[in-house]
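The values are calculated or read from the model by the stated rules, or taken from the named source; none is laboratory data. All values reported here derive from a predicted model rather than from experimental measurement. Note: ideal-geometry Cβ built from the backbone for every residue, glycine included; neighbour counts use all protein chains shown. For the accessible areas, the whole protein counts, side chains as well, though only heavy atoms, and no ligand, DNA or RNA atoms are used. Shrake-Rupley method; radii C 1.70, N 1.55, O 1.52, S 1.80 Å.
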Amino acid sequence: MAQGQYGVDLDALDQVIKELNHVLKEMGDSTSTATNSTYLPKGSLGEGFKEETQLYGAHEKMKGDIEKMMHMVEGLVDTFGKKSNKVRGAYQDAEADNSISMSGK
């Protein structure tokens, strides 16, 4: 390549975007599980013991913390995927513009 030129592997960017979308799908499943399937029904560990309220409270707090973390990571992956897609589009447009310029049109 001559000085000042650059090359971008659009196929590699496509693969990154594809993999990020797959991660998002998998995370959606995990987030759904954390939200809907992670529960500790009252009485499931017995009733009337001294630490009962603390135990259930700690479980609810941990469940909430996990849900927040999952949403944060999902947001980061989604943002990175969208930015990667935007970059890919910009490089593709630049390649098309260069191709037109080089053909003299």
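Scan the stretch 20-41 for residues that are of a type in the set (Gly, Ala, Ser) and surrounded by 10 or more Cβ atoms within 10 Å (Cβ to Cβ) and jot them down. Explain how you work it out, then say what you get.
Filtering the stretch 20-41 down to residues of a type in the set (Gly, Ala, Ser) leaves 28, 30, 32, 34, 37.
Selection gives 28, 30, 32, 34.
The residues of the stretch 42-95 that are open to solvent by 40 Å² or more (accessible area, probe 1.4 Å) and of a type in the set (Phe, Trp, Tyr), listed by number, are 49, 80, 91.
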